[in-house]
1. May I ask you to list pairs of residues, at least six apart or on different chains, whose Cβ atoms are under 8 Å apart, with the first in the stretch 30-53 being touching a residue at least 40 places away in the same chain (Cβ under 8 Å) and on the phi > 0 side of the Ramachandran plot and the second being outside any strand (DSSP E or B) and loosely packed, with under 14 Cβ neighbours inside 10 Å?
2. Of all the residues that make up the stretch 56-66, how many are within 17 Å of Ser367 (Cα to Cα) and of a type in the set (A, V, I, L, M, F, W, C)?
3. Give the number of residues within the stretch 381-427 that are open to solvent by less than 40 Å² (accessible area, probe 1.4 Å) and part of a loop (DSSP other than H, G, I, E, B).
4. Limited to the stretch 337-376, what total is found for residues that are open to solvent by 20 Å² or more (accessible area, probe 1.4 Å) and farther than 12 Å from Ile50 by Cα?
5. Can you tell me which residue is nearest to Leu313 (Cα to Cα) among those in the stretch 228-251 that are surrounded by fewer than 11 Cβ atoms within 10 Å (Cβ to Cβ) and modelled with pLDDT under 90?
6. Anything in the stretch 304-328 that is modelled with pLDDT of 95 or more and not in a helix (DSSP H, G or I)? List them, or say none.
7. Please return the ranges of strands (runs of 3 or more DSSP E) entirely within the stretch 1-92 where 1 or more residues are open to solvent by 20 Å² or more (accessible area, probe 1.4 Å).
8. For the stretch 169-254, list the helices (runs of 4 or more DSSP H) that sit wholly inside it and hold at least 1 residues that are under 30 Å from Trp142 (Cα atoms); which are they?
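The values are calculated or read from the model by the stated rules, or taken from the named source; none is laboratory data. Bear in mind that the values here come from a model prediction, so they are computed numbers and not experimental data. Please note: Cβ atoms are built from the backbone with ideal geometry, for glycine as well, and neighbour counts cover all protein chains shown. Side chains included, ligands, DNA and RNA excluded: accessible areas come from the protein's heavy atoms. Shrake-Rupley method; radii C 1.70, N 1.55, O 1.52, S 1.80 Å.
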Amino acid sequence: MLVEFSVENYRSFLKKQTLSLVASEDEVMLDSTFAMPGSSDMRLVKSAVIFGANASGKSNLLQAISTLKKIVVTSASRMQQGDKFDDLQPFRLNSQSQKQPTSFEIIFFQNQIRYEYGVVLDRNRVYEEWLIAFPEEEEQNWFDRKYNRDNPEANNGYEWYFDDKLQGENEIIKKFVRPNSLFLSHAAQNNHPQLTEVFLWFKDKLNDIDCDDEYTVARMSEDFNFRDRVANMLKQADIGISGIKIEAEEQSIPEELKTLMSRIKKTVGNSVQIEGKVEALSPLFKHQMNDSEEKVYFSMEEESDGTQRLFDLIGRWIDILDEGEVLIIDELDRSLHPVLSRNLVQMFNDPKINRNNAQLIFATHDSTLLDVENLRLDRVWLVEKDKKSASNLYSLLEFKPREDESLQTGYLLGRYGAVPFIGGLKI
């Protein structure tokens, strides 16, 4: 479960900004919160929504979380000496910030242990990396790594610290660490007894999905129960679909792929003869004829954009709720009716559905989500750019709206900021 994420000098974020999922002391909708492990009085929210004008920084905030995950998961296994962190981009509208590194910090729980992990880096080099663990609420600084600008020749330029409580071959593993890779990533690659658990949280529990139907289709082809659950959700969405079947079709290898494979084979000296077919899986959606009992199947391309979007989401939605993981998604409302968006969010807040405390963090322009009955203010975050074009993140809690106040109306009127202020569009 995610507790807090902070970012500094990344894209539109100049100064350090923090997204917190710690619940306030408000007693409203306690079912949409859950107790923080090891604490009797602190709770976490199950969902957080981010509002803001176009180009305010909503997507950049979510992308910052995704970028941290990607670097942790891939820096040891997929990057080589001299490769750059291509996803890193500092705040570019200030001459000083362009030269400074980006900072990420994240607090989360994995197997009932709280961790605080941080990294400072630019496109070429990691400058700092640290991990603090709290087993049984005892603070332990497991490792710390800092780049020594004054003495870049000693120890490959880094000063290291390892706590006695951190087991494993730490001194050996650090020799594999490059300027453009993370110790955490190499530790997991070498089956470190404690750090592998931390790595797996990033890899398996933090889901920054770029929604597509391939995941859902592949799962449905293997798991009929999963297919039925997806079909049932589509039925409940009132979009005219009464069932799904998966069709396997043989297709010739695309010419572009043949060309690429030929080049690879030439490089390694093998034959360039490439023939054969590949099997493609396609979902077909069952509809009822209006004048008979006959069924008709539509392909994905024949369905509406909203249906396609919903199908893209549902597979991950089911799995993440089942497993109690964290889901990050931008533009949840894209092509979806507000009622559908609201019901998807409510699945995370419903303790009968979300039995394993999964968490949802999403950005949206759908202001109707602000007037859900008994909305917790600590679930609502706003992003707005200041006069220096830097994004600032703040909670709706800061405004202390009245109990009878329409949050949607107040937001659209600009009472809380984070909306575009334009005097009409003219040609």
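1. Gly38/Gln112; Gly38/Glu136; Gly38/Glu137
2. The number of residues fulfilling the criteria is 0.
3. Within the stretch 381-427, the subset open to solvent by less than 40 Å² (accessible area, probe 1.4 Å) is 381-383, 390-391, 393-396, 401, 405, 407, 410-411, 414, 416-419.
From the residues that got through so far, the ones that are part of a loop (DSSP other than H, G, I, E, B) too are 390, 401, 405, 414, 416-419.
Within the stretch 381-427, residues that are open to solvent by less than 40 Å² (accessible area, probe 1.4 Å) and part of a loop (DSSP other than H, G, I, E, B) number 8.
4. Initial filter on the stretch 337-376 (open to solvent by 20 Å² or more (accessible area, probe 1.4 Å)): 337-340, 342-343, 346-347, 350-353, 355-357, 365, 368, 371-375.
Within this subset, residues satisfying the condition of being farther than 12 Å from Ile50 by Cα are 337-340, 342-343, 346-347, 350-353, 355-357, 368, 371-375.
Looking only at that region, the number is 21.
5. Top of the filtered list is Ala248.
6. Gly324, Glu325, Val326, Leu327, Ile328, listed by residue number.
7. Values: elements: 2-8, 17-20, 33-35, 43-45, 47-52.
Fully inside the stretch 1-92 and qualifying: 2-8, 17-20, 33-35, 43-45.
8. Numbers: elements: 170-173, 183-189, 195-200, 213-222, 224-236.
Because the criterion is at least 1 residues that are under 30 Å from Trp142 (Cα atoms), the helices (runs of 4 or more DSSP H) in the stretch 169-254 that meet it are 170-173, 183-189, 195-200.
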